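Novice: Below is the structure I would like to discuss, written out as C-alpha cells.
The values are calculated or read from the model by the stated rules, or taken from the named source; none is laboratory data. What you see is a predicted model; the values in this text were computed from it and never measured. Cβ: placed from backbone, ideal geometry, glycine included. Neighbour counts: every protein chain shown.
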C-alpha cells in the first residue's frame, strides 16, 4: 500500500511538472535581441552549472561610466512569443548577489520594476570564488498572446562614502529569464519540465522507492524520497517530513535517499542544507553531521 501511494504521489507531481513546462518561456541571458552597450557572452568558473554553458556579463568601472554607459542606461531587450496568454511569473537567474548593480525590468512598455543589489536569490550556486548565482522572482504580470519584449535597464548609481555620493561601477550577469504560467520551481540551469536526472539520480530514486517503514513518519519520508529528486517540489515534500518529525518521540532515525545523498533525520536543532547544489532550505529535525554522500561526484 505504501509503495502504491508513493507511486501515485510521484506520478501526480510529474504530471504537474509536464503541464507547467508547456507554459514556459525561456530566454537565454547571453542572447539579447537588442542592446545598446557592449556585453560579453561567455562561460565563467563552473560552466556546467550555466544554461548553455554561458551567461551574459556586463562590467563598467567607475572611470569608464561617462564614455561607456549610455545616458538612458544600459538596455538589453529579449523578444519572445506567447502562444497562450495569461498570468505569468517572471524569474531571472542573476549573478553576484550583494555586489551587483541595481537594475530595472519590464515587459513591453509597462512600468519598470526595480531590483536592489541585496535582493535575495534562491537555488544558489557558486560558479567560482566570490561568484554566486541564483534565481530571483522579479514579479508577476498578465501577458497577452502575441509578440512581446522583456527588457533590463541598468542606470548610474551611487553609494554614500564618507558623507559623499560616490558613483559605483556597473556589474551585472544573467544566465536566463523564465516566464511561467503557474508557480516556478527553481532547479539550477534546468527548464521547467526538463528531464534533468542523470543515471545516479534515477538509481537513487529506484532505491528510495524500496525503502519501507511501518510508521506514519516512514510513509511521509517515502513520499519525500520519491519526489524530492524533482527539486521543484522540494518545499512541499520538506514540509511533510518536518510535520512527520514534530510528534515526539521518533523511535529511530529514518533514512531518506535524495539523489546522491543519504540523510538520517533526527529531532535536533535547525540546520541549513544544500541538496545537490540545487536547492537551499531550512527545516527542523536535520542533524547535519549525519549527512553522507553515497557516491562521490
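Novice: Pick out, from the stretch 132-172, the strands (runs of 3 or more DSSP E) lying fully within it that include 3 or more residues that are over 26 Å from residue 50 (Cβ atoms).
Specialist: Here the list reads 158-161, 164-167.
Novice: Moving to a separate point now. Given (1) over 16 Å from the mean Cα position of the chain (by Cα); (2) in contact (Cβ under 8 Å) with a residue 60 or more places away in the chain; (3) surrounded by 15 or more Cβ atoms within 10 Å (Cβ to Cβ), identify the lone condition not met by residue 33.
Specialist: (3)
Novice: Out of the stretch 86-116, which residues are surrounded by fewer than 21 Cβ atoms within 10 Å (Cβ to Cβ), touching a residue at least 60 places away in the same chain (Cβ under 8 Å) and not in a strand (DSSP E or B)?
Specialist: 96, 99
Novice: Can you name the number of the only condition in (1) farther than 26 Å from residue 62 by Cα; (2) touching a helix residue (DSSP H, G or I) at 6+ places or on another chain (Cβ under 8 Å); (3) in the same structural domain as residue 67 (by TED's automatic domain parsing) that residue 192 fails?
Specialist: (3) is the only condition that residue 192 fails.
Novice: Could you check the stretch 70-85 and list, in sequence order, the residues that are modelled with pLDDT under 95 and in a strand (DSSP E or B)?
Specialist: Scanning the stretch 70-85 gives no hits.
Novice: Further question: All but one of (1) without any contact (Cβ under 8 Å) to a residue 60 or more places away in the chain; (2) buried (at least 19 other Cβ atoms within 10 Å of the Cβ); (3) closer than 17 Å to residue 25 by Cβ hold for residue 121; which doesn't?
Specialist: Here residue 121 clears every test but (3).
Novice: What's the number of the condition residue 30 fails, among (1) over 13 Å from residue 172 (Cβ atoms); (2) modelled with pLDDT of 95 or more?
Specialist: (1)
Novice: Does the stretch 60-69 contain any residue that is in contact with a helix residue (DSSP H, G or I) (Cβ under 6 Å, 6 or more places away or on another chain), surrounded by 16 or more Cβ atoms within 10 Å (Cβ to Cβ), farther than 14 Å from residue 133 by Cβ and at pLDDT 50 or above? Give the derivation first.
Specialist: Here is the first cut: in the stretch 60-69, the ones in contact with a helix residue (DSSP H, G or I) (Cβ under 6 Å, 6 or more places away or on another chain) are 60.
Then keep just the ones that are surrounded by 16 or more Cβ atoms within 10 Å (Cβ to Cβ); that gives 60.
Retained after the next criterion (residues that are farther than 14 Å from residue 133 by Cβ): 60.
Of the ones still in play, those that are also at pLDDT 50 or above are 60.
Yes, some residue in the stretch 60-69 is in contact with a helix residue (DSSP H, G or I) (Cβ under 6 Å, 6 or more places away or on another chain), surrounded by 16 or more Cβ atoms within 10 Å (Cβ to Cβ), farther than 14 Å from residue 133 by Cβ and at pLDDT 50 or above.
Each row is one residue, and each column tells you yes or no for (1) at pLDDT 95 or above; (2) closer than 30 Å to residue 64 by Cβ; (3) in contact with a strand residue (DSSP E or B) (Cβ under 6 Å, 6 or more places away or on another chain).
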site	(1), (2), (3)
113	yes, yes, yes
118	no, yes, no
143	yes, no, yes
152	yes, yes, yes
156	yes, yes, no
163	no, yes, no
168	yes, yes, yes
197	no, no, no
201	no, no, no
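Novice: So residue 119 clears everything in (1) within 23 Å of residue 157 (Cβ to Cβ); (2) assigned to a strand (DSSP E or B) except one condition, right? Which one?
Specialist: Answer for residue 119: the failing condition is (2).
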